[in-house]
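Visitor: Below you will find the structure I want to go over with you.
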Amino acid sequence: MTESSSQPERIDLAQADDRRDVVHRAVACLAQGGLVGLSTETVYGVAASALQPDAVARLRQIKGGDEPVPLTLLLKGPVEVADWVPGLSALGWRLARRAWPGPVTLIFPKADSRGLALRLPESVRPLIFPDGAVALRSPAHPLIREILRLLPAPLVISRGVGPGGRVATTVEDLDPISGLSLILDDGPTRLGNVSTSVVVEGDRYRVVRPGVVDASYLTRMAGTIIMFICTGNTCRSPMAEAICKALLSQRLGCSIDDLEERGFVILSAGIATSNGMPAAAHAVEVVRARGGSLQHHASRQLTPDMIRHADYLVTMTNDHLEALLDQVPECAPHARLLHPHGDDVADPVGADRETYQRTARMIEAYLVQLLDDLGL
C-alpha cells in the first residue's frame, strides 16, 4: 500500500457494529504497508508494521527524520521483552513485569546481537533504532492488544502531536498528519498524557520523559519486593513485614521510611481475608517494642498479580505455600517458608500477649536467617 493523498478512512469505534471486524481491517491495513492512527490508553499515535520499510520510513518522517530517538515497538506482554533484550537485567525484568501492560516505555541503550531487533529488515533498523537504543512498551488498550495478537509482525508506533505541539489526546489531533490510510476514533484517551519513558542500564534507571507514572510509583516498581503471606493478614504476616522493615533498615543504616528509596519494598497479604482490616492489637504492641509499626496496617487479599510481581514470597505455613503454588505455579523458584527448616509458624490469633511475644521472637529469629540467606 502506498501513501495516499486522499482522506484516510475513519472508523468511529463507538458506532462500530463489530469491533472484531475493525481489528481485522486494521491488521490488514498494517500488513499491506498502511499507516494507522489509533488510541492507546495514554495518547493517540500512528502505527506501522515493522516489516514494511516504506511505512516505517513515513512513520520516521512523522516522528522527525533528524531526531536520534527510537520509534517504540509494541509488545503483547512482559514475557516478550527477553526476545528483544536477551541480556535483560533483574531491574529491567522487574519493571517490565510490573509496569506492563501499562503506560511505561522502557528504553535499552544498545540492541543486543542475540535479540530480535537485529533480525528486522536491514532497511528498517536505522529508522526504528537510529542511535542503537531499543524502545519497548506493552500497552493496556484492549483494541491495540487485539491488533497485536493477530498481527504477524512487530508493531511500531510514534505518538501524535496536536496543534501547538501539545499531546494528542483526541482523534482530531491526528488531522494535520498526512499519509494515514486508516484512523480509529476511540474518543478522548483514558489517561490523557504520554507514557513515562525510562532508560534502563543494567541495575540503574532514569526517567527521560515524565508521564502518567510518577517517580514515587516507579521507585516502588523498580524495587526488590519481599511479600509475607499468611491467612488473614492481621497477625503473622504483618508482624513479619514490620519486623523485616526494622531489621533491614538497621542493616542498611537508613530509616524505615527510606527503604523504598534504597530499593526495597516490604509487603504482606492474606490468602483468605477481606481488605482493610487492622492488625491485631497485641501484634501492634509487640512489633512496636521491636522498632516497627503496624499502626496504619490494613489487611489485603493476595492476588495473582501480587504473586507475579514479588521477587520473594515468604509464607507462614506449608498450607500457605501450597495455596500459593496452586494459584501461580510459576512462582515456585521465588517462594519459600519463613521457618528455615520447613516448619509452620503457629497462628497466635485470639491468644494472649505472651503468645504474641513468643511468635514475634520466633519471626524475628527466622527473619535474621532469611535476610542472611538473601544476602541483605
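Visitor: If the requirement is being of a type in the set (Val, Ile, Thr), buried (at least 16 other Cβ atoms within 10 Å of the Cβ), part of a helix (DSSP H, G or I) and at pLDDT 95 or above, which of these qualifies: Val345, Val368, Val287, Val314?
Guide: Val287
Visitor: Within the range 171-201, track down each residue that is within 20 Å of the chain's Cα centre (by Cα) and aliphatic (A, V, I, L, M).
Guide: Once the filter is applied, which keeps residues that are within 20 Å of the chain's Cα centre (by Cα) and aliphatic (A, V, I, L, M), the range 171-201 yields Leu191, Val194, Val198, Val199, Val200.
Visitor: May I ask you to list the residues in the range 143-167 that are over 20 Å from Val27 (Cβ atoms), in contact (Cβ under 8 Å) with a residue 12 or more places away in the chain and either among the acidic types (Asp, Glu) or assigned to a helix (DSSP H, G or I) (or both)?
Guide: Pro163
Visitor: For the condition in contact (Cβ under 8 Å) with a residue 60 or more places away in the chain and either closer than 28 Å to Ile225 by Cα or touching a Ser or Thr at 6+ places or on another chain (Cβ under 7 Å) (or both), what is the one hit in Ala140, Ala96?
Guide: Result of the check over Ala140, Ala96: Ala140.
Visitor: Only one of Gly223, Gly270, Gly211 is touching a Cys at 6+ places or on another chain (Cβ under 7 Å), buried (at least 18 other Cβ atoms within 10 Å of the Cβ) and of a type outside the set (Val, Ile, Thr); which?
Guide: Gly270
Visitor: Within the range 182-202, is there a residue that is open to solvent by 70 Å² or more (accessible area, probe 1.4 Å) and either in contact with a Leu (Cβ under 7 Å, 6 or more places away or on another chain) or not in a loop (DSSP other than H, G, I, E, B) (or both)?
Guide: Yes, the range 182-202 has at least one match.
Visitor: Same structure again: Any residue at all in the range 72-90 that's open to solvent by 10 Å² or more (accessible area, probe 1.4 Å) and over 25 Å from Gly223 (Cα atoms)?
Guide: no
Visitor: Okay, next question. Can Val156 be described as buried (at least 22 other Cβ atoms within 10 Å of the Cβ), under 23 Å from the mean Cα position of the chain (by Cα) and within 19 Å of Pro70 (Cβ to Cβ)?
Guide: For Val156, the condition - buried (at least 22 other Cβ atoms within 10 Å of the Cβ), under 23 Å from the mean Cα position of the chain (by Cα) and within 19 Å of Pro70 (Cβ to Cβ) - is met.
Visitor: Is there a residue in the range 349-365 that is more than 15 Å from Asn318 (Cβ to Cβ), open to solvent by less than 30 Å² (accessible area, probe 1.4 Å) and aliphatic (A, V, I, L, M)?
Guide: yes
Visitor: Does His339 fit the bill of being more than 20 Å from the chain's Cα centre (by Cα) and buried (at least 18 other Cβ atoms within 10 Å of the Cβ)?
Guide: Taking the combined requirement at face value, the residue satisfies it.
Visitor: What residue, among those in the range 47-64 that are over 21 Å from Glu122 (Cβ atoms) and over 23 Å from the mean Cα position of the chain (by Cα), is modelled with the lowest pLDDT?
Guide: The selected residue is Gly64.
Visitor: Something else about it: All but one of (1) modelled with pLDDT under 90; (2) touching a Cys at 6+ places or on another chain (Cβ under 7 Å) hold for Ala111; which doesn't?
Guide: All conditions pass for Ala111, except number (2).
Visitor: With respect to Met239, determine if the residue is open to solvent by less than 20 Å² (accessible area, probe 1.4 Å), farther than 29 Å from Tyr205 by Cβ, in a helix (DSSP H, G or I) and not basic (Lys, Arg).
Guide: Spelling it out, Met239 is indeed open to solvent by less than 20 Å² (accessible area, probe 1.4 Å), farther than 29 Å from Tyr205 by Cβ, in a helix (DSSP H, G or I) and not basic (Lys, Arg).
Visitor: Ala55: touching a Gly at 6+ places or on another chain (Cβ under 7 Å) and either part of a helix (DSSP H, G or I) or open to solvent by 60 Å² or more (accessible area, probe 1.4 Å) (or both), yes or no?
Guide: Against the criterion (touching a Gly at 6+ places or on another chain (Cβ under 7 Å) and either part of a helix (DSSP H, G or I) or open to solvent by 60 Å² or more (accessible area, probe 1.4 Å) (or both)), Ala55 qualifies.
The values are calculated or read from the model by the stated rules, or taken from the named source; none is laboratory data. What you see is a predicted model; the values in this text were computed from it and never measured. Glycine also receives a Cβ, built like all others from the backbone with ideal geometry; neighbour counts cover every protein chain displayed. All accessible areas refer to the heavy atoms of the entire protein, side chains included, with ligands and DNA or RNA removed. Shrake-Rupley method; radii C 1.70, N 1.55, O 1.52, S 1.80 Å.
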